[in-house]
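Step one of this worksheet: look at the structure below.
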Amino acid sequence: MDEMAYSINGENIHYGTPRNPCAPDRVPGGSSSGSAVAVGAKLVDFSLGTDTGGSVRVPASYCGIFGFRPSHGAVSESGVIPMSQSFDTVGWFARDPMILSRVGGVILQLPDVAPPIRPTSIIIAEDCFQLSSTPFDVVTGTVIKAVEKLYGGDVLKPEILGDYVKTNVPSLKHFMSKDNTDQIYNIPSLAALSSAMRLLQRFEFKNNHGEWISAVKPDLGPGISERVSDALRTTGENIDICYSIKRELHDALSALLGDFGVLMIPTVPGPPPKLQTNTSDLEIFRARAFSLLSIAGVSGFCQVSIPLGMYNNLPLSISLVARHGADKFLLHLVESLYDSIEDRKQHIIEHKL
């Protein structure tokens, strides 16, 4: 895993980097890299991982497997070393949706039988897909066709999520950038959401580990050492606003989705980066990734990353997000949808570079 769980790459300069079974020249994703690779390489049927900022969802996407981040607080974190309590979750990986669901039933302590519930809406966050380097139709096409086949087209609804969040999460104005960045590469409200998440994460990380780091002075790898240094310099300024943003986003997305609505977004903004890519070269990719990952992270909602096969010989995925506490519904939905997605996947044309 990444040192101190403080990266989404999965690289570790001290102990080596687990090999991505889908793309050996690419990062496996982190921080739960070993757990994802063990499932992707068919060494185990499932594995556990923690997800604070994306540490289950990202490696699941990069390794071509399912990854589930449960609702915040739905799974006990007793015995888990905290990174940032406002966002820490215990999630899991699997190669097929039935095992994903069965593991969820045990971890979430759900009753064995529950009738699947039809989603009331599947909201496609169209602006979020503009953050992805993979064409919109390639990412969404198979899932949209599967939804239409199972539930009918009327359940699908487009949404400009950035505008909705900007309107309904007023405390975000404190984190909104003044830069007029190209809309295709940046959704201002989600970039602000990511900034708030990372500030609170740094603050809580410092409270959890600052004393130990200052005393021991561990030899941390590139990228991580800079992140840890930033965390140790963090003050309590604007932390109260971060907590307000969490509450406001939770309420805003609850209103948008209702009890059984689902939000469709890219898991990550593109294929896994190449191994040992310079940290500064990854900055735009990381910024876009955290704009997407902060949606479930800050709201505390549950999210599943679903593998969609390969595109240009690299793994492709999509995510579904459901309200806090709807974990069982989301697991059942993935089981229902995935057979239809598998049928449609054969129709994806493999584009060769």
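The values are calculated or read from the model by the stated rules, or taken from the named source; none is laboratory data. All values reported here derive from a predicted model rather than from experimental measurement. Because the Cβ atoms are built from the backbone with ideal geometry, glycine has one as well, and the counts that use them run over all protein chains shown. With ligands, DNA and RNA removed, areas are computed over all heavy atoms of the protein, side chains included. Shrake-Rupley method; radii C 1.70, N 1.55, O 1.52, S 1.80 Å.
Before moving on, here are some points about what is shown:
- Lys206 vs. criteria open to solvent by 50 Å² or more (accessible area, probe 1.4 Å), in a helix (DSSP H, G or I), closer than 29 Å to Lys173 by Cβ and touching a residue at least 24 places away in the same chain (Cβ under 8 Å): yes
- Per-region count, region 196-236, residues under 17 Å from the mean Cα position of the chain (by Cα) and either more than 22 Å from Asn278 (Cα to Cα) or acidic (Asp, Glu) (or both): 3
- Region 61-89: number of residues that are closer than 14 Å to Ser33 by Cα and open to solvent by 10 Å² or more (accessible area, probe 1.4 Å): 1
- Residues of region 249-259 classified as out of contact with any helix residue (DSSP H, G or I) (no Cβ under 6 Å at 6 or more places or on another chain) and among the hydrophobic types (A, V, I, L, M, F, W, C), total: 3
- For Ile306: the one exception among (1) closer than 25 Å to Arg202 by Cβ; (2) among the β-branched types (Val, Ile, Thr); (3) at pLDDT 95 or above: (1)
- Cross-chain or 6+ apart pairs with Cβ under 8 Å, region 11-36 first and farther than 17 Å from Leu314 by Cβ, then aromatic (Phe, Trp, Tyr): Ser31/Tyr6; Ser32/Phe93; Ser35/Phe93
- Qualifying residues in region 125-167 (those that are β-branched (Val, Ile, Thr) and more than 21 Å from Pro315 (Cβ to Cβ)) - the one most open to solvent (accessible area, probe 1.4 Å): Thr167
- Cβ-Cβ contacts under 6 Å between residues 6 or more apart (or on different chains), taken from a first residue in region 152-167 that is at negative phi to a second residue that is modelled with pLDDT of 95 or more and open to solvent by 70 Å² or more (accessible area, probe 1.4 Å), are listed as Pro158/Glu126.
- Restricted to region 31-60, and to residues there that are of a type in the set (D, E, K, R) and in a loop (DSSP other than H, G, I, E, B), the residue that is most open to solvent (accessible area, probe 1.4 Å) is Lys42.
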